[in-house]
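Some notes on the structure that comes next.
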Amino acid sequence: MPVVERSLRMHVAPARVWPVVGDLRRRPEWDRTTERVTRLSGDGGVGSRYERVARFGRCRVVLLTVVAELEPGVRVRYDGLSRPLRNRTELELSPDGDGTLVRLLAWYDLRSVELSATDFDPERVAALADEQLAGLARVVTAPERASA
């Protein structure tokens with residue numbers, strides 16, 4: 001059961017980071033494993049349900065994902081469940097000077113041989129978390145698009 005905790009300081013205010021991490025539908029923008037996210041029910045708050053399609057190695061997984069905990073602007077926890085995998089992801093934002101410290105905690109429980117344990121070894125999971133945080137930093141620090 002791999003668990004990883006990583007953090008990264010971003011040179012933008014928490015108010016710039018939160019809209020990206022607080023809306024699961026935006027996850028494909030910063031996480032290469034997530035192909036798409038569709039809201040099934042709710043308004044994005046606690047109890048809202050999503051279908052998250054993700055790819056781990058050669059296996060495509062459809063996770064029913066629920067917003068389990070939410071402190072708007074500060075912290076969100078998503079719990080995902082599929083036949084081959086259970087996943088929990090927590091994202092927490094803390095003001096850090098003129099920027100934001102983002103903490104990512106991810107937990108994976110492989111429930112089937114459909115997924116390769118090598119895709120979830122501790123080094124790969126840590127590298128994936130670092131890549132996700134770097135992707136998030138790219139999204140939130142990109143110049144805002146001018147509205148038409």
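The values are calculated or read from the model by the stated rules, or taken from the named source; none is laboratory data. Since the structure is predicted, the reported quantities are computational estimates derived from the model, not experimental observations. Every residue, glycine as well, gets a Cβ built from its backbone with ideal geometry; the counts of neighbours run over all protein chains shown.
When you look at V62, is it free of Cβ contacts under 8 Å to residues at least 24 places away in the same chain and either of a type in the set (A, V, I, L, M, F, W, C) or assigned to a helix (DSSP H, G or I) (or both), yes or no? Please lay out each step first, then the result.
Values: free of Cβ contacts under 8 Å to residues at least 24 places away in the same chain: yes; either of a type in the set (A, V, I, L, M, F, W, C) or assigned to a helix (DSSP H, G or I) (or both): yes.
In short, yes.
Within segment 120-148, the set of residues being within 22 Å of N87 (Cα to Cα), modelled with pLDDT under 80 and hydrophobic (A, V, I, L, M, F, W, C) comprises just one member, F120.
For segment 18-75, taking the residues that are of a type in the set (S, T, Y) and under 12 Å from the mean Cα position of the chain (by Cα), the one that is surrounded by the most Cβ atoms within 10 Å (Cβ to Cβ) is identified as T65. For segment 87-100, name all the residues that are surrounded by fewer than 16 Cβ atoms within 10 Å (Cβ to Cβ) and either in a strand (DSSP E or B) or in contact (Cβ under 8 Å) with a residue 12 or more places away in the chain (or both). Passing the criteria: S94, P95, D96, D98.
Note on segment 25-39: among residues that are of a type outside the set (K, R), in a strand (DSSP E or B) and free of Cβ contacts under 8 Å to residues at least 24 places away in the same chain, the one that is nearest to A134 (Cα to Cα) is T34.
Test G73 against the stated conditions and say whether it is small (G, A, S), in a loop (DSSP other than H, G, I, E, B) and at pLDDT 90 or above. Write out each step before concluding.
Numbers: small (G, A, S): yes; in a loop (DSSP other than H, G, I, E, B): yes; at pLDDT 90 or above: yes.
For G73, the condition - small (G, A, S), in a loop (DSSP other than H, G, I, E, B) and at pLDDT 90 or above - is met.
Which numbered condition in (1) farther than 19 Å from W30 by Cβ; (2) of a type in the set (A, V, I, L, M, F, W, C); (3) loosely packed, with under 15 Cβ neighbours inside 10 Å; (4) at pLDDT 90 or above is the only one that A117 fails? Going through the list (1) farther than 19 Å from W30 by Cβ; (2) of a type in the set (A, V, I, L, M, F, W, C); (3) loosely packed, with under 15 Cβ neighbours inside 10 Å; (4) at pLDDT 90 or above, A117 breaks only (4).
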